[in-house]
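Report on one structure; see the data block that follows.
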Amino acid sequence: MSYPKFHGFDSELKRFQVRLGVAGVVVLAAFGLLAVRFAYLQVLQHDYYSTKAEDNRISIVPVVPNRGLITDRNGTVLARNDSQYTLEINPQRVTNLETTINELGTVVELLPRDRARFRKLRAEIKGADSLPIKTRLTDEEVARFAANAYRFPGVEIKARLFRQYPLGEMASHILGYIGRISDKDVERLEADGIASNYKGSDYIGKSGIEGSYERELHGVTGSAQVEVDAGGRGVRTLASTPPVSGNNLVLTLDLKLQEVAERAFGKYRGALVAIEPATGGVLAFVSKPGYDPNLFVDGIDPQSWEALNNDPDKPLNNRALTGTYPPGSTIKPFMALMALELGKRTPEYTISDPGFFALPGQAHRYRDWKVGGHGAVNLHRSIVISCDVYYYGVGADTDIDQLHGFLSQLGFGQPTGIDIDGEKGGLLPSREWKRKRFKRPEEQRWYQGDSVSVGIGQGYNLVTPLQLAAATAVLANGGTVYRPHLVHHIVDARTGETRAVEPKPIREVKLNPKWVQAVKAAMVDVTRPGGTAAQAGAGAPYTFAGKTGTAQVIALKENEKYDEKKVSERFRDHALFIAFAPAEAPKIALGILVENGGHGSSTAAPIARQVLDYYLLGKEPEKRPELNPDSNDE
Amino acid sequence: MLARLWDKLTHGLDGTLVLLAVLILTVGLFTLYSAAYESPARVTAQLANIVIAFVAMWIAAQIPPQALMRFAFPVYAVGLLLLIAVAVFGEVANGARRWLHVGVMRFQPSEMMKIAMPLMLAWYFHKRETSLALRDYVVAGLILAVPTLLIAKQPDLGTALLVLAAGFYVIFLAGLSWRLIIPVVALAAVGIAALIVLETRICDQDLNWPGFKDYQKARVCTLLDPTTDPLGRGFHIIQATIAVGSGGLLGKGWLEGTQTHLEFIPERSTDFIFAVFSEEFGLVGNIVLLVLYLGLIGRGLLIAAGAPSFFARLLAGAITLIFFTYAFVNMGMVSGLLPVVGVPLPLVSYGGTALVTLFVGLGILMSIQRHRRLVQT
């Protein structure tokens, strides 16, 4: 190899200048390359990159509508929206969630329940682009985070409208609640073809009215063309289509009545439904205990969820809607009506009650609740004193399918069709039902003995408190079956127009007014001296028609006597009561169930009295010691 | 009185270089004003940097090349020692060991090498001028390799590349045989071509590149195909390219760049400031800037050609070519031609250190230019 030899300074200079020349050419070539690249990007590809820049810049952002309000018939707000700040994390923009959350904890106090709820939401809603780590921030917390926001890319403060249920537990089972849209909800929305209206929405009605009237309440999502920065934050709005707020719902519910009814239960569990017989409008709808629906709004934290679920009182159960109970003696007025309509009995027909009933040729004795019996009992008296033997006979004399045919017209054994979801239909037995229900041929047969128990509302016979109230309303109005409804009218958010939920008669049961009158008269005497609810009816200035009932929780042997005081509270009988008033022109019909309340006369009937007194007289119940299942003072 | 002060202030300065530098600085300040709209303090801070840089340039311009030669070895030696110190005691920031605490200041010795390296090599070749042999190129190679490797190991690939380039320019200008240069250039060309063609296989996740850090591999791979990681590493390249492309022929206008003002451009007042300029001033602006740089580089090469000594020639040539390297690598990186390495756009990017280094280089060029006629070869 040869290396440059020194040939004197001149040739040295020459060689240097050649090298410099080469460098100059390289410089020119390199800059030329840049110029070509610039021209390529800025001239040839300009349109492409312009579009890209616009796409970057402008994003179509959904604008979530305000959810409709829910008020009672007098305008008292049950569900409203409340603007609150939340701290939200975009899981896709945060690389290490755990570290970020821990660091956030140094800026804003994060409770273990906040973290737990975040984890739960994250598991439930995959691919979410914003999940709250903390809701309802104070102004101070907002300020503290804002000062540190630069440290937390992917974490943002958002002003959100929160659903708020100002009355807490009150009427919780009607209202239901909203919750964050889950993957399952998304599937359903997609199936219904309305998923696009939920872009940007985080919440959806999950149960109760919030669930069943979701489409009315949600509103129409608007959109805005927003200029956004690289962080996705909106800088300014270029154009927008405003959202249309959800429609407001005005309920048939009378909140004051609801309050009176809820308070009347004291510490008892149970349910009460009050229906306006002329329309089917629900005036009060109680399921005790309730729960605070506000807990669900931001996604319930696992601890509270656990507590609600494991509570032995089952506060999440909507007893009025889904609780099925033996109707007990509250079925008797309907049985009486059936017996008259089907010609099985006349008002004058009288039996002699020895204290038990036996089928011809059988030794088994069906006992009356009163040892020794009631003596001579006609139809009127059978209701007033709640004679079991009379109705054993009615049951035995009526073919079960005929019985099924009649009572199902009144709404038993099928959902009433009320405007909230999840309703249970109860059970009204028939031959067909029994054949399907059991496997062994001897069990599939319908025995006359089965009918005997059905006659007094035991055996295969289950009703919901709602059904009981609805059937009572049919009896009260003389035979028109309305679909019970909670929403009175819907107020269109845009036009202010109201759309009434028209009382819809489902069917007209052909009843002989004479027979209806006979049953009603007997029910009025139930609350008068000599009747089973005489105490509850004492001094009522209106005609108070009612019927007590007791449903066994534990089965008794033939000769065993049920001793209320010896049985632990949970195994005590359920108390039932149906009522309507005033009997000559009923304005309200009630179905009441008090779980483990003992006798209908002692716990359920007084609740009815308070509700009626308030509704008909405006009389607020005086403060008296709450009904309490733990004190055995009856 | 005033005239004498003016003479004193402008003593030894080269009018052409100053004019070109001021023009580029002006472009830089306007662009910075737009890029740093959310922190206007940067513009005043940059003005202060410029004042300091001018002072540094003025001082450098007063030192004759012969005097400069005396600094060459000590500066290089100190720089090398500091680099070793960094490797041993250095402070880690952003995953790299680059900084040295000097009192209250943090100091990057690698920055110093950008000047020390060409100075040292030019001095070495100058001393060996009359008896250059293979041995000298080997020694020069070592002088170059040791600090470069130390810097690369920090790791600071960008600075290592610039130091390597600075040293290489001296060796090249000193007359390294074409027989050595051509095979290396050819090999590099083949290598780059292969990289582009075989991208998918080379960038396979499980494949380790011997001698490369993961992030360095990632930079090359995202350059080859930015779309593979549009939200992560590719984001810089994609958004910068969009900014340049959407600028079009005339640009979107000063302060009107949407990519810039909506924060899509990362590092927009420092390494990626060219994307801001390009978006707002378009192809026309880019060509003007290229011409300004070309003028500066051309002037530098002319000064080198007319320099009085071998040392001065090599130094002037190398400094000029470093200027070119800064400009080319930065603009190439922003427009998606080159991988993302941390190289600022000379005289435009925000930041004091690089500005002072570059102005010291300009000062040296001026000094060489002024002494051209005094010591004729």
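Please treat every number below as a calculation from the coordinates, not as lab data. These numbers were taken from a predicted model, which means no experiment stands behind them. Glycine also receives a Cβ, built like all others from the backbone with ideal geometry; neighbour counts cover every protein chain displayed.
A few notes on this one:
- A viscosity of 1.567 mPa s and a temperature of 4 °C, combined with the Kirkwood radius over Cα pairs in Stokes-Einstein, give a translational diffusion coefficient for the stretch A:119-196 of 83 µm²/s.
- Simple Cβ-charge dipole of the stretch A:76-224, Lys/Arg +1 and Asp/Glu -1, about Cα centre, in debye nearest 20: 220
- Percent of Cα-Cα distances greater than 20 Å, calculated over the stretch B:134-214: 49
- Label-to-label distance for residue A:401 and residue B:353 is 9.7 nm, based on points extended 7 Å past Cα in the beta-carbon direction.
- Under 30 Å from residue A:14, Cα to Cα: lysines that are on another chain or at least 8 residues apart: A:5, B:114, B:127
- Think of the protein assembly as shown as a dipole: +1 on every Lys or Arg Cβ, -1 on every Asp or Glu Cβ, centred on the Cα centre; then among B:210, A:511, B:177, B:177 lies furthest on the positive end.
- Flagged links, alpha-carbon separation over 26 Å, of A:288/A:514; A:424/A:619; A:158/B:252; A:344/A:547: A:288/A:514; A:424/A:619; A:158/B:252
- Where only DSSP H runs of four or more residues are counted, chain B gives -23500 deg cm²/dmol as its mean residue ellipticity at 222 nm, each run worth -39500 (n - 2.57).
- Averaged over A:49-62, number of beta-carbon atoms from partner chains that fall within 10 Å: 4
- Contact order normalised by residue count of chain A, Cα under 8 Å, 6+ apart, percent: 14
- Measuring r between the beta carbons of residue B:135 and residue A:15 and using R0 = 22 Å, the FRET efficiency lands at 0.70.
- Equivalent ellipsoid semi-axes - Cα gyration tensor, the stretch A:439-563, angstrom: 35, 24, 17
- According to the calculation over all Cα-Cα pairs in the stretch A:60-251, the P(r) per 5 Å bin from zero is 1, 7, 14, 18, 19, 17, 13, 8, 3, 1, 0 %.
- Cβ crowding within 10 Å, taken as a proxy for footprinting-reagent exposure, orders A:382, B:131, A:451, B:278 from fewest neighbours to most as B:131, A:451, A:382, B:278.
- Debye intensity ratio I(q)/I(0), log10, the protein assembly as shown, q values 0.04, 0.08, 0.10 Å⁻¹ (C-alpha model): -0.40, -0.84, -1.13
- When each of the peptides B:189-195, A:397-403 is scored by how many other beta carbons lie within 10 Å of its residues on average, the order from highest to lowest is A:397-403, B:189-195.
- Ranked by the mean number of other Cβ atoms within 10 Å of their residues, highest first, the peptides A:292-301, B:16-25 fall in the order A:292-301, B:16-25.
- Inter-chain Cβ neighbour average for residues B:326-337, partner chain, 10 Å: 3
- For B:341, A:463, order by how many other beta-carbon atoms lie within 10 Å, fewest first: B:341, A:463
- Cα-based helix-to-principal-axis angle, A:139-148 vs chain A, degrees rounded to 10: 30
- Eligible aspartates and glutamates near residue A:314 by straight Cα distance, threshold 20 Å, same-chain separation 8 or greater: A:169, A:262, A:292, A:301, A:306, A:421, A:423, A:569, A:573, A:595, A:630
- Neighbour cut-off at most 16 other Cβ (10 Å), DSSP loop, chymotrypsin sites (Phe, Trp or Tyr not before Pro), the stretch A:131-213: none
- In this calculation the C-beta distance from residue A:111 to residue A:313 is compared with R0 = 45 Å, giving a FRET efficiency of 0.95.
- Descending principal axes extents, the stretch A:452-499, alpha-carbon based, whole Å: 58, 22, 9
- In Hz, Karplus ³J(HN,Hα) per residue of the stretch A:17-31 (6.51, -1.76, 1.60; θ = phi - 60°; x = Gly, Pro): 5, 5, 4, 4, x, 4, 4, x, 5, 4, 4, 4, 4, 5, 5
- When each full DSSP H helix of chain B is screened for a Cα extent of at least 24 Å along its own axis and an average Kyte-Doolittle hydropathy of at least 0.0, the helices passing are B:15-35, B:41-62, B:65-89, B:109-127, B:134-152, B:178-197, B:273-305, B:310-334, B:352-370.
- Helix A:255-264 and the longest principal axis of the Cα set of chain A meet at an angle near 60°.
- Per-residue shielding of B:257-268, expressed as the average number of other chain Cβ atoms within 10 Å of the residue Cβ, stands at 4.
- For the peptides A:342-350, A:542-550, A:73-81, the ranking by packing is A:542-550, A:73-81, A:342-350, with the highest mean count of neighbouring Cβ atoms within 10 Å listed first.
- Ellipsoid semi-axes in whole angstrom, largest first, where each is sqrt(5λ) of the Cα gyration tensor of the stretch B:241-377: 34, 14, 11
- Fraction in percent of alpha-carbon pairs per bin - 10 Å, chain B: 5, 22, 31, 28, 12, 2, 0, 0
- Residue order, fewest to most surrounding Cβ atoms within 10 angstrom, among B:57, B:1: B:1, B:57
- Qualifying trypsin sites (Lys or Arg not before Pro) in the stretch A:421-520, DSSP loop, other Cβ atoms within 10 Å at most 14: A:439, A:445, A:494, A:510
- Crossing angle, helix A:46-57 versus chain A [Cα axis fit, 0-90 degrees, rounded to tens]: 40
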